[in-house]
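Any read-out appearing in this document is the output of simple, stated calculations on the displayed coordinates, not a laboratory observation. This one's a predicted model, so the numbers in the text were calculated from it and none came from an experiment. Don't worry about glycine lacking a Cβ; one is built from the backbone with ideal geometry, like all the others, and counts go over all protein chains shown.
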Amino acid sequence: MDKKVNNVQELMKNLKDMGYEVSYFDTAKEAAEYLDGKIDGKTVASGGSVTVQQLGLEEMLKTHNEFIWHWKSDPLEIAANADVYLSSANAITKAGEIVNIDGTGNRVASTIFGHKELYFIIGINKICEDLESAIWRARNIAAPINAKRLKRNTPCAERADKCYNCDSPERICRVLSVHWKKPRGTPYQEVVIVGEELGF
């Protein structure tokens, strides 16, 4: 059996054992259609996730929901008003540990507490062997590419190659969150795994 298939099956089992709802789709299109059908008549927020953008979820969901986008709204509004929060992850381990790095903290905060429903949408490229490699991926792959995308004045943005643990005022990796287990604060939490490469 293909190693990626094995990784996904192991990950899904572990996430279910941790208490998450779990779904898998071969394509981003299938995942987007699933979420569009499931989320209706609610206030939905996202923290600038490239994965959410790639799925076209803002355009789909705002036709029958209120959609609050991180870059277009006050981050406090997202925390205060959204019923549903959509996020991806910088990395996830086969054991189900979810890793995210943030600059302000509003994105990781919203994955921990404050919403009635939380959906992690994670491409197959984010699956890592263990927590050490997941944190390495978040710091040395996801964060530099995001810093470059956001045109930040940081060493990692110039080269998009690795973390330099810099002191730049524009540093985007200031907060690290690890979900060892499903947090208690959100009543409904689902991990949507997509069998395509998504985001960074």
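Odds and ends about this structure:
- Debye log10 I(q)/I(0) at q = 0.12, 0.15, 0.16 Å⁻¹ for the range 83-153, Cα point scatterers: -0.33, -0.51, -0.58
- Mean Cβ neighbour count within 10 Å, used as a protection proxy, ranking 165-178, 46-59 highest first: 46-59, 165-178
- Overall size of the range 117-166 from C-alpha positions, given as principal axis extents largest first: 33, 25, 17 Å.
- Charge dipole (Cα centre; +1 on Lys/Arg Cβ, -1 on Asp/Glu Cβ; no other charges) of the chain amounts to roughly 540 debye.
- Across the options 160, 193, 178, the greatest Cα extent toward the positive end of the charge dipole of the range 47-199 (unit charges at beta carbon of Lys, Arg, Asp, Glu) belongs to 160.
- Distance from the range 3-25 to the range 110-182 (C-alpha centre basis), Å: 21
- If you look at the Cα atoms of the range 1-115, you get an Rg and a Dmax of 14.8, 47 Å.
- With both labels modelled 7 Å from their Cα along Cα-to-Cβ, the residue 10 to residue 159 distance reads 3.2 nm.
- Pairs exceeding 24 Å between alpha-carbon atoms, taken from 13/126; 38/182; 4/42: 4/42.
- Across the chain, Cα pairs under 8 Å and at least six residues apart give a relative contact order of 28 percent.
- Within the range 144-184, the proportion of Cα pairs with more than 17 Å between them is 35 percent.
- The string of couplings for the range 193-200 from the Karplus curve (6.51, -1.76, 1.60, θ = phi - 60°) is 9, 10, x, 10, 7, 9, x, 10 Hz, one whole number per residue in order, with x for Gly and Pro.
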